[in-house]
C-alpha cells in the first residue's frame, strides 16, 4: 500500500502572512517549516525553523540574479540582512509544488516587496500559483506569462509541499482569505 505524503507548509517566518499561513496550516494538521538564518528576527516556533548556513544561503544567488533582471530590481550578493532575507526566499519555493501568497501589486503591476521576489522565484518553475490581492480583495491564479494573473473564485486547498507567504502588513481581509483557503 502506498504511503500518503504529508502536507507541508514552507514559509519564511516573517510577521504577517508568513506566520498566519503557518498558524492556520498547523491547526489543519500540516507540518510547518519556516526557513531562517543566524540573526534572523522571527517569531516562528523554534521547532518549525530550519536555520540555513551562510553557504546554503549563497546557493540562491544565481536564482536571485536571474529574478532581479526579470523584475528590474537590484540584488547585491553581500552579507547584509536584506540579502539574507532574499536568499532565504529561494528555499521557501525550491521544493514547493504550489504557492499561496497574500500581497498587493505595486504601481508597475508587480507583486510588491519581498513577496514579489519569492513569487518571481516560484513562477520561473511553472507550477501552481495563487495570490490574494489585499487591495482588490480577490484571489488570482497565475496562468502563464502570456495571460498573467487571472481572477478566480478561490484557490484549491493547499496540499502536498506548498508555500504560504505574503506581506508583513497583513490586513484582516488577508487574514480571512488565509483561513478561508484552508477551511474545506
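Derivation of every value follows stated rules applied to the coordinates shown; laboratory data play no part. Quick caveat, the model's predicted, so the values are computed rather than measured. No Cβ is skipped: glycine too gets one built from the backbone with ideal geometry, and neighbour counts run over all protein chains shown.
A few remarks follow.
- Whole-angstrom gap from the range 23-74 to the range 84-121, using each part's C-alpha centre: 11
- Computed on the Cα atoms alone, the convex hull of the chain gives a volume of 131 cubic angstrom per residue.
- With the simple spin-label model, which puts each label point 7 Å out from Cα in the Cβ direction, the residue 180 to residue 26 separation comes to 2.5 nm.
- Overall shape of the range 90-184 was characterised from the C-alpha gyration tensor. The equivalent ellipsoid obtained from it has semi-axes of 17, 16, 13 Å, in decreasing order.
- Dimensions of the range 1-78 based on its C-alpha atoms, expressed as ranges along the principal axes with the largest first, amount to 43, 34, 24 Å.
- Value at 222 nm in deg cm²/dmol, rounded to 500, when DSSP H runs of n ≥ 4 in the chain each add -39,500 (n - 2.57): -10000 deg cm²/dmol
- Computed extension length for residue 62-residue 81: 5.0 nm, one decimal, from 0.36 nm per residue of separation with the Cα-Cα distance subtracted.
- Between residue 159 and residue 55, the modelled label-to-label distance comes to 3.9 nm, taking each label 7 Å out from Cα in the direction of the beta carbon.
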